[in-house]
Each structure stands twice: as C-alpha cells, then as structure tokens.
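Worksheet: the structure to be examined is printed underneath.
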Amino acid sequence: MKPKHADDEASFERGSGNVFADLGLENSDELLAKADLAHVINAGFRARGWTQAQAAERAGLTQPEVSRIGRMKTDGFSQERLQSVLRRLGMDVEITIHRRENGGIGTLKVRELV
C-alpha cells in the first residue's frame, strides 16, 4: 500500500445522476429506466418476503429471470416486460409526456411515487 503524503489530494468528479451516461454508454436513459424498474421490482419481492420461486409464479417469470432481475441484469428484458411485472405485483405504471421548452432530445425517467 502506497503511503499517503500531505500533498496528495483526492480528486473526484460529480456524476450526472445517470451512471450509464457517465460511462458513455449508448441509450443511457433507457438503461437507467430499466435499472430503476428492476429496483422497484426487487423491492416489491423483498417486501412480500417471497422466495424466487414464489416471485416467479406471481410475476409471470421463470426463477432464473427473477434471479437475473435480482442481480440487476436487465439485458434481455424490455421496458414493457418489466412494467408488466410491476403491474402483476399490483402496482400502477403511469407514463407522462412533457414537451421540452428548449427543444432537443427529451429524457426518459422513472419516478416511484410513494
């Protein structure tokens, strides 16, 4: 381990709020939306105390799919499918569209209302 010196300064860069954009990945808004949906799904499974097998049966998934969502591996899942899982868990999914005043490309966001 390298010793710290008084003149060593830690540096950091504030993130944008979207780790996928910070990593320079294409479709970063879509990737973040899917991660947010998976997070809410996982919270729903945990709140109910379900095993992966129980969650799969109730959510219309296979046990390996529940495991993948639990590990936040959303590749292979469409946003629509993740939304369908939320609906099976008794949650409403609402899509709101706003026109950007300054034009340009719009954003995609997931907000959980409690």
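No value in this document is a laboratory result; all are computed from the given coordinates. Just so it is clear, the structure is predicted and the values come from calculations on it, not from any experiment. All Cβ positions, even for glycine, are placed from backbone atoms using ideal geometry, and neighbour counts span all protein chains on display.
Things to note:
- Given [x] 44; [y] 25; [z] 49, the label whose value is percent of Cα pairs over 23 Å apart derived from this model: [x]
- Protection proxy ranking of 57-65, 74-82 - average other beta-carbon atoms within 10 Å, highest first: 57-65, 74-82
- Taking all Cα pairs closer than 8 Å and separated by 6 or more residues, the relative contact order of region 30-88 comes to 47 percent.
- Helix-only [θ]222 nm of the chain, DSSP H runs n ≥ 4, -39500 (n - 2.57) each, per residue, nearest 500: -13000 deg cm²/dmol
- Average Cα contact separation per residue, the chain, under 8 Å, 6 or more apart, as relative contact order %: 27 percent
- Pairs of alpha carbons in region 30-88 whose separation is greater than 12 Å (percent): 61 percent
- Among the chymotrypsin sites (Phe, Trp or Tyr not before Pro) in region 12-69, those located in a DSSP loop and surrounded by at most 12 other Cβ atoms within 10 Å of their own Cβ are Phe12.
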